[in-house]
Amino acid sequence: MAQYLPLFMLLVLAVAFGGVSILMSRLLNPPKPTAVKTMPYECGVVDLVDPPQRFPVKFFLVAMIFVIFDIEIIFYYPFTMIYRELGGFGIAAIVIFSAAVFESFLYLVSNGVLDWGPSRHVRRSELALSRDRTVESTIRRVGTEGRSDLQPNIGDADKVVA
């Protein structure tokens, strides 16, 4: 138990320092919130416009790429220090790890993470260009039962009901 005494003392000192700091802060400078103090700001610049409602997903996907390569470097560095001692097993493990990281990178790139330009236009399918498709054949009319035949249909724009 004596071996844990320094750790326990460090914990007590850390809690005491935090408590004394908070207490002194409250005593020397009591909180007086005002509208200006509670206003959000970033780097001292006050926002004059409302933020957009949705944040683009591409930013999160780029962050995923960063995290993937960050984790990759964290695992590669120790490997480079002791790769001779690991032998064939270490090489096989790092090759499997590299393949998994590269596969996740290919997945993100295939989803268009790095496409920051204007969006590409998708080619229209042959079904949408068919001459057999008309408004009458593709749009199902709902709720027309029991209505008067005097009401004009969408295709009867030139008829006027009196």
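Pairs linking a residue in the range 80-107 that is under 28 Å from Val62 (Cβ atoms) to a residue that is surrounded by 12 or more Cβ atoms within 10 Å (Cβ to Cβ) and among the hydrophobic types (A, V, I, L, M, F, W, C), with Cβ atoms under 7 Å and 6 or more positions apart or on different chains, are Ile94/Phe79; Phe97/Phe75; Val101/Ile68; Ser104/Ile68; Phe105/Ile65; Phe105/Ile68. Considering only residues in the range 101-137 that are outside any loop (DSSP other than H, G, I, E, B), surrounded by 11 or more Cβ atoms within 10 Å (Cβ to Cβ) and hydrophobic (A, V, I, L, M, F, W, C), the one that is modelled with the lowest pLDDT turns out to be Leu108.
The values are calculated or read from the model by the stated rules, or taken from the named source; none is laboratory data. Computed from a predicted structure; not experimentally measured. Note that each Cβ is placed from the backbone with ideal geometry, even for glycine, and that neighbours are counted across all protein chains shown.
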